[in-house]
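The values are calculated or read from the model by the stated rules, or taken from the named source; none is laboratory data. Worth saying up front: this structure is predicted, and the values here are computed from it rather than measured. Don't worry about glycine lacking a Cβ; one is built from the backbone with ideal geometry, like all the others, and counts go over all protein chains shown.
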Amino acid sequence: MTPWLPAALNYVSSWLAYQLRHHGQPGCSVAIASGQEVVLEAAFGSADLATGEPLTPRHGFRIASHSKTFTSVGILRLAETGRLRLDDAVGTYVSGLHPEVAALTLTQLLSNSGGLTRDGADNGQFRDRKPFLRKAELLADLALPPVLPSSQRFKYSNHGFGLLGLVIASVTGESYDDWISENVVAAAGLTEAEPDIDRWAPRPRAKGHSGQLPLGRRIVIPADSPGNDMASATGFVGTAADVVRFFSQLSPKAERSILSPQSRREMSRRLWPDSESELGRHYGLGTISGGDGDWAWFGHSGGFQGVITRTAILTEQGLTISVLTNAVDGLAHPWLDGIIHILKRFSKLGAPTPATEAWSGRWWSLWGVIDLVPFADKVLCANPALFAPFFDAPEIKLEGPDLGRIAKASGFSSPGETCRLVRGTDGKVASVQIAGGHLLTEAELQAEMTERYGQQASA
């Protein structure tokens, strides 16, 4: 583990806990692996708002389209053992397809470049209005011609990955769930991941939740629909820890994996740009990728009824991150980006030293909260309410154990002004002075506000 990582992980946990409160989210589970060792596993909030059940790291989530990565690994394992070729036409293994669909190669399906419908003419299965498709329903949709010509552009298709599940069943002579459980999930050493919900019970699972609107309150969404013959696209259930254990093995630099380095490189290769999006993403073989330089990432995300999840492998950093949230407006995407933002800053500025470590903690005023975050030779005044908490953060340069000066800040902040740690009679830091502002602990600010303003009903 790199020297700065433990301090970064501590702040990641602190920041996420505040983010959950700040945004009124039900729950969040996070795991981070360094290499292939899980070095952070934490859960915040509730697994079920209706019962108040606390969320724990052992709760499974419907990780939805992460299933596509598991399916892609399955197809690549079959290719490595010579049971199929990636340039085979899918009609070689599955009958009843429209001729243009039957002519698509497995690579085109894996890379979402086959031009297929995303979810068919009625996607009510993703809106909790009907069950996920069975084989006959899926094949009925795929008996129609593709929406677009193949190899024209990236076009995401759950139907395409449902079809790949049928390929696995055809080649192996087993059901998709049975084969993938033994040859991918178990082979990868996972004990907290399953291809569909029926295999998860009776273990604890996070329920989904709606947004606050249109009812003005969140309601529980069971998120218990079986994936049926769409499990290969969206059925998987897993904990954040097992998700990072699996994805960390897909890094081309992983020491242990059920895939060859060549297959892992091919999976993560940026085959198709999502060119009409401004997010700068690409799609490979069952993987989404983005970022650049030493902080480029690849992985996948998922959206189930009331659940939003995302996982990313930072190959050059040797890190894998998974963020699982249990609300339809869950913030898995900005929170994962925020974790990368935090890791980058610690990587650049280094771990705190004995000279800086006392300058830490969350400090409150009527205007909100500031996190003092110490690094090797400076302290940043972070805003934990932001998705990027170090954005425009003032820098404090220490001039003594309890004295510092704002050495770098926006002109609208207080550059050049002094900062001070205020200690109590026990010698511990009791409050902080940042320029002209006196900041307190949360409990002390609560008491001050109650005394000043009294108990007032919220709107």
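The strands (runs of 3 or more DSSP E) found entirely in the stretch 393-455 that carry 2 or more residues being in contact with a Gly (Cβ under 9 Å, 6 or more places away or on another chain) and in contact (Cβ under 8 Å) with a residue 60 or more places away in the chain are 429-434.
Within the stretch 305-312, does at least one residue satisfy the condition of being assigned by TED's automatic domain parsing to the domain that holds Gly124, free of Cβ contacts under 8 Å to residues at least 24 places away in the same chain, of a type in the set (Gly, Ala, Ser) and touching a strand residue (DSSP E or B) at 6+ places or on another chain (Cβ under 8 Å)? No, the stretch 305-312 contains no residue that is assigned by TED's automatic domain parsing to the domain that holds Gly124, free of Cβ contacts under 8 Å to residues at least 24 places away in the same chain, of a type in the set (Gly, Ala, Ser) and touching a strand residue (DSSP E or B) at 6+ places or on another chain (Cβ under 8 Å).
Considering the stretch 23-80, the qualifying strands (runs of 3 or more DSSP E), each wholly inside and each with 2 or more residues that are in contact (Cβ under 8 Å) with a residue 24 or more places away in the chain and surrounded by fewer than 20 Cβ atoms within 10 Å (Cβ to Cβ), run over 37-48. The helices (runs of 4 or more DSSP H) falling completely within the stretch 83-179 that include 1 or more residues that are among the aliphatic types (A, V, I, L, M), in contact with a strand residue (DSSP E or B) (Cβ under 9 Å, 6 or more places away or on another chain) and assigned by TED's automatic domain parsing to the domain that holds Thr287 map to 99-102, 106-110.
Evaluated against (1) surrounded by fewer than 21 Cβ atoms within 10 Å (Cβ to Cβ); (2) under 11 Å from the mean Cα position of the chain (by Cα); (3) of a type outside the set (Asp, Glu), Gly350 falls short on exactly one condition, (2).
Against the numbered list (1) in the same structural domain as Phe391 (by TED's automatic domain parsing); (2) of a type outside the set (Ser, Thr, Tyr); (3) surrounded by fewer than 19 Cβ atoms within 10 Å (Cβ to Cβ), Asp371 comes up short only at (3).
In this entry, Ala233 passes the filter for residues that are of a type in the set (Gly, Ala, Ser), touching a Lys or Arg at 6+ places or on another chain (Cβ under 7 Å) and on the phi < 0 side of the Ramachandran plot. When the residues of the stretch 136-195 are filtered to those that are charged (D, E, K, R) and under 23 Å from the mean Cα position of the chain (by Cα), the one that is nearest to Thr117 (Cα to Cα) is Lys155.
Kindly indicate whether Lys155 is farther than 26 Å from Ser277 by Cβ, among the basic types (Lys, Arg) and surrounded by 15 or more Cβ atoms within 10 Å (Cβ to Cβ). Criteria not met by Lys155. Just checking, does the stretch 345-353 include any residue being farther than 24 Å from Ser268 by Cβ, part of a loop (DSSP other than H, G, I, E, B) and among the small types (Gly, Ala, Ser)? Scanning the stretch 345-353 turns up at least one residue that is farther than 24 Å from Ser268 by Cβ, part of a loop (DSSP other than H, G, I, E, B) and among the small types (Gly, Ala, Ser).
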